[in-house]
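Here you go, one structure.
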Number of protein chains: 4
Amino acid sequence: MIRFNCDYAEGAHPAVLEKLIATNLEQTPGYGTDDYCLAAANLIRELCSAPSADVHFLVGGTQTNMTVIAAALRPHQGVIAAASGHINCHETGAIEASGHKVLALPAENGKITAEQIDAHVCAHMADGDREHVVQPGMVYISNPTELGTLYSLAELEAISAACRRHGLPLFLDGARLGYGLAASDNTLSFADLARLCDVFYIGGTKQGALFGEAVVITNAALKRDFRYLIKQRGAMLAKGRLLGLQFLALLEDGLYLRLAREADRLADRLRDAFEACGYPLVGKNSTNQVFVSMPDTVLDRLRTDYSFEMWGRADDTTSTVRFCTSWATREENVEALIADIRKVSGHV
Amino acid sequence: MIRFNCDYAEGAHPAVLEKLIATNLEQTPGYGTDDYCLAAANLIRELCSAPSADVHFLVGGTQTNMTVIAAALRPHQGVIAAASGHINCHETGAIEASGHKVLALPAENGKITAEQIDAHVCAHMADGDREHVVQPGMVYISNPTELGTLYSLAELEAISAACRRHGLPLFLDGARLGYGLAASDNTLSFADLARLCDVFYIGGTKQGALFGEAVVITNAALKRDFRYLIKQRGAMLAKGRLLGLQFLALLEDGLYLRLAREADRLADRLRDAFEACGYPLVGKNSTNQVFVSMPDTVLDRLRTDYSFEMWGRADDTTSTVRFCTSWATREENVEALIADIRKVSGHV
Amino acid sequence: MIRFNCDYAEGAHPAVLEKLIATNLEQTPGYGTDDYCLAAANLIRELCSAPSADVHFLVGGTQTNMTVIAAALRPHQGVIAAASGHINCHETGAIEASGHKVLALPAENGKITAEQIDAHVCAHMADGDREHVVQPGMVYISNPTELGTLYSLAELEAISAACRRHGLPLFLDGARLGYGLAASDNTLSFADLARLCDVFYIGGTKQGALFGEAVVITNAALKRDFRYLIKQRGAMLAKGRLLGLQFLALLEDGLYLRLAREADRLADRLRDAFEACGYPLVGKNSTNQVFVSMPDTVLDRLRTDYSFEMWGRADDTTSTVRFCTSWATREENVEALIADIRKVSGHV
Amino acid sequence: MIRFNCDYAEGAHPAVLEKLIATNLEQTPGYGTDDYCLAAANLIRELCSAPSADVHFLVGGTQTNMTVIAAALRPHQGVIAAASGHINCHETGAIEASGHKVLALPAENGKITAEQIDAHVCAHMADGDREHVVQPGMVYISNPTELGTLYSLAELEAISAACRRHGLPLFLDGARLGYGLAASDNTLSFADLARLCDVFYIGGTKQGALFGEAVVITNAALKRDFRYLIKQRGAMLAKGRLLGLQFLALLEDGLYLRLAREADRLADRLRDAFEACGYPLVGKNSTNQVFVSMPDTVLDRLRTDYSFEMWGRADDTTSTVRFCTSWATREENVEALIADIRKVSGHV
């Protein structure tokens, strides 16, 4: 069984693991106050051209989303997000459990627009009974989105401007950030994110680390007491250095984006193969997630050797599924899959 | 200025006020443990043919909704509701502030169906990753709905059956219950509600009381410790007898439904007048809320003498608005409004 | 049975009720935006010499406490209070249900001191691991306290100074405020409260109203969006004018303090009688709550004609109990009680 | 600098790390559904003689505490704990942020008794106004406690019996469980814990793992939907196998208790040395945490070469400090410390 169902099926990139091994019996202070975390934070500030940013390391994505959002909102405020956003769909209501409504906007290919944000906020402010309605207090976007699509620089600039016009912090979920920044049609840089967002994170879990997300906060109001929030949400790792070490390994010589670029290239090979065999891509993108519609009969034959994720029914005989590549995907496995797709679809 | 914008513009029906005056200097125990609350609860049990129901008196609707829902759900559960439901739209996120997601289903004229509930729950249970998604834990409906429409007995029976099949308590928001039960095309009784719902409430605030909602709980699991929840949510009135007294005045001789029937009749007069003048009713119903689309020019002329509520834009020159009648609406005011509608629309 | 167990056994002072009756069928806008609320707020601002204060009317004390505290704190913050404070003991965890720890300080006769607050905050800030501990974010005191005692002007000035030194809003629970301000040894005025607190409330429920607490906010940061919080916590009364009207009746000609002064005087009569009969007062105070230790045999005889509240066991044969007077207490009932106390204790 | 300030200063025991290395590039399903987690859970069930227990793996202690407690309590319930309990002191209010009050009982050497629990619950149930007070809904104890002390089998049996008498689930925090079970005066076994508690956890973070806590649930009511709760609280590790693998390494050949026994032995050496030099142990225990009172002048000299944790002031010139040993403590470092203690105290 070869797994393409997700991008967290393996452990860590060997370079990451080596760093953990090499430092294993060193003694350091706990809770992210060690020198490795300090060095990793400095590296990230540099990478982002954001010398005054605060950098914190958390363990996972849901945890990071709920901690950042709880830190930013007052009780009567909600967070604007795409209806398909991770916080709205796949976190078992972690945001609501923190007391806040997700203000879901209809999304196209996982993305929302500056115009939608503007319209939502203006409608709220124009409502004479607005005190009876959840106040928009923050905007959450993902890049790449949950559908693998990307925001362009122009789109992000427009969203950022809308947010600042309305006094809303902009939070970018970068659980798969590398796969986005390394994509062939990407127009964003780390520095753009730091400049345009108030807070964002650089995903480690899906990009070569055992686990870990690096939160970058540029908005001074959000920096205040953030470590209290991390602790309260159960997100402060006792051996915090494990996080600093992993991000050092991934970021200090560009490994992070190199791994992502390779995963995106392998996803491109899959995309080409699917299209060549006549299977339509869904929300075509350039990152590591490939969404494609295929007949159920074909999927049944592939299922014996490959795992992939069911995404939904296209029609009575066809489903949309997701294939992921990752930093750990082997080219030979991609080639095997392509060969089998060709075979089962009669395109040999 | 004559107000038709809502059904809580006046104080209380004189019979209610008289009962408060007559008992004003009596001494009673607090917090709803007095004899008046006891008598009112007995009366309600009788009215509902539900001798073992628990009855509690709370002050307002939002408070009641959040208390009942918090009492019923575990942390990972959400409440299914119409997207247009009060808890989803007009309670400033009170349910989310209690930790729970509102699982909003698209609604037609304010109503959801047994099929929708069934489909939502089945899809959840069939999801291999359902632990990443909020679990449906309760169903909330309003009758009349926020758009004044009604569930039929057959519809409510189907919803109740779906809920029981899936182990979901059914909660019916009856903030305007009387206007529903008294409507010309109503098919429900108090006893039906007690039989088909697990918990519902009989609205007082909008139906002749100064304030007050009577919660009827028939499901044993929901009864447990409910008074702790009332207190914790700030919903336990010190002078609880004020609630018992008001419900006694409203219910002991059928005043409640008589007042509602009269309000519905006056709303019918408005409906007839609007249609006669060519203004289309929106989601035509038979209760005390009248939704109608009218040209903005006409609304501007009415606005000088009447208040009504803006509901939305129909098109560039037309708006949908709400006119409410209530237990306190005077026939002469309805006639004045009808005359003015005819005048401004040239239908004299 | 004559009730001395609490100060909310009756309805409202006749002047309050008359105002409700006189305005009963007037139509007003809802949710506290009517002219009566406006007028009552203006009156309170004047009374407090606080022309820029925000004034809001809520229904009850627990509701008010949880709304104010939720509005003021960030998620990692707690509220400092006396261990005997109402929010720590008698609100079924309403504050914790809002997400916040009550940081309980040992209290003497219901009071905490500026020194205690100072010491707690300094210890927190000096803790190298303070991020693992709830951060003090607000101070809550009651005046009169739950034991009927009073803060002096000097004490309140010291507490206020400590709070401001540490950036902590000071919140004063005035559920029985009138009984305090009218007490023989009171040194505080409404204006002092507005000057020294960031937010406080003037209790109505226990002082002549059917219900109602008037929140006065002087701190600009706490004013922001407060009405959203009121609505979210289920504390926004639809017929909000009922609150404005009641406070107008109580405050516009000094009735509020006159009623309180009379209740305090009657409590003084009880205190004198208890002491004369050799029953020691517990935490002797000058307000409307009388705490006294009496033999259980005596209490058993009083219990047939009078209700009072058990407060605790003093020793194997003696209990501490509470007798309350209120705006509604009749002098003849106090005299009857005194006569009976004398009789059962052999002091005729 | 040699660290004795905590038991999480190093990475993982080599056997743990090796298992992670050996499986690093294997592909497994995520979120704890892999075969390693399955195997580790089976091993734990066997170890606990609890074939029907549910076993879940979480990342850290605060996270585990808040997830278990949120899963067990209804909104109006609180958790009984020692005032010195971790959930009451060092989790930044994580329990309150979940909506629940910690009902803190005075503790002696970190421990509470069956009698205290009994008395608290009986007092609550006897309170006529108990609905105004947080209802005890669960009991939390730590073993070893935060002060390193242990519950005896008799004590735990008594606590368990009290809990069952009152219908309260008993939750045992075993963040340092191994150091307890391996202690010279321990009387408990894994099987005792499974039999007497409703839920407990086996700590990994402080006992040889990089991170990880294994939750064992024997009470059927607590098992229900627990994975939803894990996900919602941000505690579901994507690469869940990392947890299963670590517990396999620690538990499959008894390494866990061997490491703990050695750490306890080294702590004993420190205890002996402190006492020999005349420094009194505080709350003397037999586990890996050593609490001792020493003159500040002595501590100042030790501080240059050793880290330890300040615990409190004993008097003007003396402090209480904590020295920890762990699975990673090297005997030569203990000997160096002992030598230096002797030297600075003149006991060479």
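What is the P(r) of the stretch D:192-241, as percent of Cα-Cα pairs per 5 Å bin from 0?
Result returned by the calculation: 5, 17, 21, 27, 20, 10, 1.
May I pose another question? Among the aspartates and glutamates, select those whose C-alpha is under 13 Å from the C-alpha of D:Lys343, and discard any that sit fewer than 8 residues away in the same chain.
The reachable aspartates and glutamates, counting only those whose Cα sits under 13 Å from D:Lys343, are D:Glu335.
Counting pairs of alpha carbon atoms under 8 Å apart in space and at least six apart in sequence, what relative contact order in percent does the stretch B:48-108 give?
Computed value for the stretch B:48-108: 33 percent relative contact order.
How large is the translational diffusion coefficient of the stretch A:114-199 in µm² per second when you combine the Kirkwood radius over alpha carbon pairs with Stokes-Einstein at 37 °C and 0.692 mPa s?
In µm²/s, the coefficient rounds to 240.
How large is the translational diffusion coefficient of the stretch A:38-150 in µm² per second when you combine the Kirkwood radius over alpha carbon pairs with Stokes-Einstein at 25 °C and 0.890 mPa s? Before the final figure, lay out the partial values.
Values: Rh = 15.5 Å.
Rounded, D is 158 µm²/s.
Please report the Cα spread of the protein assembly as shown along all three principal axes, rounded to whole Å, starting with the longest.
Rounded to whole Å, the extents work out to 85, 84, 54 Å.
Please list log₁₀ I(q)/I(0) at q = 0.12, 0.17, 0.21 Å⁻¹ for the stretch C:269-326, using the Debye equation with identical point scatterers on the alpha-carbon positions.
Result of the Debye calculation: -0.24, -0.49, -0.77.
Any idea what Rg and Dmax come out to for the stretch C:78-226 if you just take the C-alpha atoms, in Å?
15.0, 50
What is the spin-label model distance, in nm, from A:Ala126 to C:Asp300 if the labels are put 7 Å beyond Cα along the C-beta direction?
Those two pseudo-labels are separated by 7.5 nm.
Hey, another quick one. Over 5 Å intervals from 0, what percent of Cα-Cα pairs in the stretch D:41-104 sits in each interval?
Percent of pairs per bin, in order: 4, 17, 23, 18, 15, 12, 11, 0.
Take every residue in peptide B:2-12, count the Cβ atoms of other chains within 10 Å of its Cβ, and give the average of those counts. Intermediate results must be reported in sequence, preceding the final value.
Numbers: counts 1, 5, 1, 3, 5, 2, 9, 10, 8, 13, 6.
Across B:2-12, the average partner-chain Cβ count within 10 Å equals 6.
With each pseudo-label sitting 7 Å past Cα toward Cβ, what's the A:Thr33-D:Lys343 distance in nm, one decimal?
Output for this residue pair reads 2.7 nm.
Could you tell me the calculated FRET efficiency between C:Glu275 and C:Asp253, based on Cβ-Cβ distance and R0 = 22 angstrom, to the nearest 0.05?
Once the sixth-power term is evaluated, E becomes 0.05.
Further question on the same structure: Roughly how many Å² of B:Ile2 are accessible to a 1.4 Å probe, to the nearest 10?
Surface accessible to solvent at B:Ile2 totals approximately 40 Å².
Next question, about the same structure. Under a GNM of chain C (C-alpha, springs under 10 Å), which listed residue has the highest mean-square fluctuation: C:Gly167, C:Gly204, C:Gly110?
Top of the fluctuation ranking is C:Gly167.
From the protein chains alone at 1.4 Å, what is the descending order of accessible area for D:Asp7, B:Asp118, largest first?
Result, largest first: B:Asp118, D:Asp7.
Do the alpha carbons of any pairs in C:Lys206/C:Lys284; A:Lys101/D:Lys206; A:Lys223/D:Lys111; A:Lys231/C:Lys111 sit beyond 26 Å of each other, and which pairs? Numbers along the way, then the final one.
Working: C:Lys206/C:Lys284 20 Å; A:Lys101/D:Lys206 37 Å; A:Lys223/D:Lys111 38 Å; A:Lys231/C:Lys111 32 Å.
Beyond 26 Å between Cα atoms: A:Lys101/D:Lys206; A:Lys223/D:Lys111; A:Lys231/C:Lys111.
Follow-up question, since we're still on this one. Across the stretch A:296-305, in residue order, what do the Karplus-derived ³J(HN,Hα) couplings come to in whole Hz, using 6.51 cos²θ - 1.76 cosθ + 1.60 with θ = phi - 60° and x for Gly and Pro?
After applying 6.51 cos²θ - 1.76 cosθ + 1.60, I find 4, 5, 5, 4, 4, 6, 5, 4, 5, 10 Hz.
A further question on this structure: In the stretch D:295-347, how does Rg compare with the Kirkwood Rh, expressed as the Rg/Rh ratio over alpha carbon atoms?
Expressed as Rg/Rh, it is 0.98.
Find, among the residues of chain D, the one whose Cβ sits nearest the axis of the rotation taking D to B; state the distance in whole Å.
D:Gly99, 3
What percentage of all Cα-Cα pairs in chain C are separated by more than 40 Å?
Result: 14 percent of Cα pairs exceed 40 Å.
In whole Hz, what ³J(HN,Hα) sequence does the stretch A:288-294 give by Karplus (6.51, -1.76, 1.60; θ = phi - 60°), x for Gly and Pro?
Values, residue by residue: 7, 10, 10, 10, 8, 9, 9 Hz.
Here is a follow-up. If the label for A:Glu26 sits 7 angstrom from Cα along the Cα-to-Cβ line, what are its distances to the same label in every other copy, in nm to one decimal, shortest first?
The projected label point of A:Glu26 is separated from its counterparts by 2.9, 7.5, 7.8 nm.
Using only atoms on other chains, find how many Cβ atoms lie within 10 Å of each Cβ of peptide A:68-77 and report the average.
Taking all residues of A:68-77 together, the mean is 6.
Counting only helical runs of four or more DSSP H residues, what would the 222 nm mean residue ellipticity of chain C come to if each run contributes -39,500 (n - 2.57) and the total is spread over all its residues? Don't skip to the end; give the middle numbers.
Numbers: 15 runs with 147 residues, N = 348.
Rounded to the nearest 500, the figure is -12500 deg cm²/dmol.
Per residue of B:235-245, what is the mean number of Cβ atoms on other protein chains within 10 angstrom of that residue's Cβ?
Values: counts 7, 7, 7, 13, 11, 1, 3, 4, 0, 0, 1.
Counting Cβ atoms of other protein chains within 10 Å of each residue's Cβ and averaging gives 5.
Comparing B:Thr287, B:Thr320, B:Thr297, which has the greatest mean-square fluctuation in the GNM of chain B with Cα pairs linked when under 10 Å apart?
Most flexible of the set in this elastic network: B:Thr297.
Quick check on the stretch D:222-284: what are the equivalent-ellipsoid semi-axes from the Cα gyration tensor, as sqrt(5λ), descending, whole Å?
39, 18, 10
Percent relative contact order of chain B, based on C-alpha pairs within less than 8 angstrom and at least six residues apart?
The normalised contact order for chain B reaches 24 percent.
Could you give the nm distance between label points at B:Thr113 and C:Ser184, where each point is 7 Å from its Cα heading toward the beta carbon?
7.6
Could you list the square roots of 5 times each eigenvalue of the Cα gyration tensor of the stretch D:168-296, that is, the equivalent ellipsoid semi-axes, sorted largest first and rounded to whole Å?
32, 17, 15
Got the relative contact order for the stretch B:202-348 handy, in percent, Cα pairs under 8 Å and 6 or more residues apart?
Value for the stretch B:202-348: 21 percent.
Just by accessible area at a 1.4 angstrom probe, what is the order of B:Arg233, D:Arg130, B:Arg224 from largest to smallest?
Largest to smallest exposure gives the sequence B:Arg224, D:Arg130, B:Arg233.
First check a/c for the stretch C:20-68, with a ≥ b ≥ c the square roots of the eigenvalues of its C-alpha gyration tensor; if it is under 1.5, answer rounded, and if not, answer prolate when a/b is larger than b/c or oblate otherwise.
Numbers: a/c = 2.23, a/b = 1.24, b/c = 1.79.
Because a/c hits 1.5 or more and a/b fails to exceed b/c, the stretch C:20-68 counts as oblate.
The values are calculated or read from the model by the stated rules, or taken from the named source; none is laboratory data. It should be emphasised that the depicted structure is a prediction, and the values quoted were computed from it without experimental measurement. With ideal geometry, Cβ positions are generated from the backbone for all residues, glycine too; neighbour counts draw on all protein chains shown. Side chains are part of the model used for accessible areas, which takes the heavy atoms of the whole protein and leaves out ligands, DNA and RNA. Shrake-Rupley method; radii C 1.70, N 1.55, O 1.52, S 1.80 Å.
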